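Since the structure comes first, as structure tokens, the remarks are kept for the end.
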Amino acid sequence: MKQVNEMTEKEQEDLIEQIKKDLKEMLSERRYLHSVSTMNKAKELANEYNQNEKIVMLTALSHDIAKEM
């Protein structure tokens, strides 16, 4: 598997969508919405601070992935 920073933008976008789909099935609605909200805020901050938007989004989206395991 490729590292995220080696993926094309399309591959990164697809990965984000796949993780969102998986999280929606795994997490409570409250935790899922929190993760998506965190991802959206992180995207804003990544743009503000000139960071890699997709990597920051993936990190934020997955930050609570094990909370309900």
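If the condition is being in a loop (DSSP other than H, G, I, E, B), among the aliphatic types (A, V, I, L, M) and without any contact (Cβ under 8 Å) to a residue 24 or more places away in the chain, then segment 34-68 contributes only Ala66. Restricting attention to segment 10-57, and to residues there that are small (Gly, Ala, Ser) and loosely packed, with under 13 Cβ neighbours inside 10 Å, which single residue is farthest from the chain's Cα centre (by Cα)? Per the stated criteria, the residue is Ser28. For segment 18-69, the tally of residues that are small (Gly, Ala, Ser) and closer than 22 Å to Glu6 by Cβ stands at 4.
The set of residues from segment 32-69 being touching a His at 6+ places or on another chain (Cβ under 8 Å) and aromatic (Phe, Trp, Tyr) is empty.
Of all residues in segment 20-33, those that are polar (S, T, N, Q) have Cβ atoms under 9 Å from Cβ atoms of residues that are part of a loop (DSSP other than H, G, I, E, B) and surrounded by fewer than 13 Cβ atoms within 10 Å (Cβ to Cβ), 6 or more apart or on another chain, in Ser28/Glu68.
Every number in this text was worked out from the coordinates using simple rules, so none of it is lab data. The shown structure was predicted, so the numbers you read here are calculated from the model rather than taken from an experiment. FYI the Cβ positions are ideal-geometry reconstructions off the backbone, even for glycines, and counts take in every protein chain you see.
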